[in-house]
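This report concerns only the one structure given below.
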Amino acid sequence: MKLYYAPSACSLASHIVLRELQLPFELVRVDIRAKRTAEGDDFLAINPKGYVAALTLDDGQVLTEVPALLQYLADLRPEAGLAPPAGSWERVRLQELLSFLASEIHTGGCALLFNPRVPEDAKPFFRERLGMRLDGIAADLDGRDYLLGERFGVADAFFFTMLRWLPHLGLDLARWPVFGAYMARIEPRPAVRDALAAEAA
Ligand SMILES: N[C@@H](CCC(=O)N[C@@H](CS)C(=O)NCC(=O)O)C(=O)O
């Protein structure tokens, strides 16, 4: 497998999960503005949607979209417990959470605040709306270690990735002390440290 990534982008979530599961993979950096890979390929020929993360499988298929990638990877090593078993009610809850993170926090929140083409005078509205969504997650996290309970899982890899963006988007993490404690629990994980180090290299 090859994971196409950009440093600290949403692809970090899949990168962390690949390392958590100790799956063999190659990492290929993408210039997401120029749409070229570090291998010199046209990234649009690999993922016509033009964004990371993209995962090429050993049979040549390309898989995209964070919620699909995370669940696909978790199911390659179900014994690691990074996602509840496919078909279970707990898995439906994970899908609910991943959909919320992808649509409300990522695309409908952070991505709009990062986008230089979104007018600056619209950003306070998006910032406030994102803050309200994060208030809800903070309330859910109160009294538990991870988003779905006491065990780190794929949704945590995704949410951790996005929490790292907040200081760059005009949102002060100090507003949610529970997030600081949550990140401090996740940061020391060897897979997380290794993924961050590899992306910073
Ligand atoms: N819906 C996609 C969104 C992916 C996405 O927005 N990726 C960003 C980085 S976090 C990107 O590559 N942006 C470049 C672009 O949109 O041109 C997913 O879930 O994977």
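The values are calculated or read from the model by the stated rules, or taken from the named source; none is laboratory data. Everything numeric in this text was worked out from a predicted model, so none of it was measured. Don't worry about glycine lacking a Cβ; one is built from the backbone with ideal geometry, like all the others, and counts go over all protein chains shown. The accessibility values were calculated without ligands, DNA or RNA, using every heavy atom of the protein model including side chains. Shrake-Rupley method; radii C 1.70, N 1.55, O 1.52, S 1.80 Å.
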For the chain, built as a Gaussian network whose Cα springs stay under 10 Å, the top-fluctuating residue of Gln71, Gln95, Gln61
Gln61
Counting only protein heavy atoms and leaving out ligands, DNA and RNA, the solvent-accessible surface of Trp89 at a 1.4 Å probe, in Å² to the nearest 10, equals 150 Å²
If you build a Gaussian network model of the chain, linking Cα atoms that sit under 10 Å apart, which residue out of Ala45, Ala155, Ala68 swings the most?
Ala45
Ranked order, Lys35, Lys49 - accessible area, probe 1.4 Å, largest first:
Lys49, Lys35
Output for the stretch 1-43: GluC sites (Glu not before Pro) sitting in coil per DSSP, at most 15 other Cβ within 10 Å, listed by number, reads Glu39
Residue by residue through the stretch 80-88, the couplings from Karplus 6.51 cos²θ - 1.76 cosθ + 1.60 with θ = phi - 60°, in Hz, x for Gly and Pro, are 6, x, 7, 8, x, x, 4, x, 8
Leaving out ligands, DNA and RNA, what percent of the accessible area of the chain is carbon and sulfur, probe 1.4 Å?
53 percent
Between Thr107 and Asp31, take the C-beta separation as r, use R0 = 30 Å, and let me know the FRET efficiency to the nearest 0.05.
0.90
Just how much of Phe179 is accessible, in Å², when a 1.4 Å probe is used and the result is rounded to the nearest 10?
0 Å²
So what is the calculated 222 nm ellipticity per residue for the chain, using -39500 (n - 2.57) for each DSSP H run with n of 4 or more, over all residues, to the nearest 500 deg cm²/dmol?
-13500 deg cm²/dmol
With the other protein chains left in place, how much accessible area per residue, in square angstrom, belongs to the chain at a 1.4 angstrom probe?
50 Å²
How do Ile32, Ile186 stack up against each other in accessible area, from largest to smallest, with a 1.4 angstrom probe?
Ile32, Ile186
Rank Leu44, Leu21, Leu63 by mean-square fluctuation in a GNM of the chain with C-alpha springs under 10 angstrom and give only the top-ranked residue.
Leu44
Whole number please: convex hull volume per residue, Cα atoms of the chain, in Å³.
122 Å³
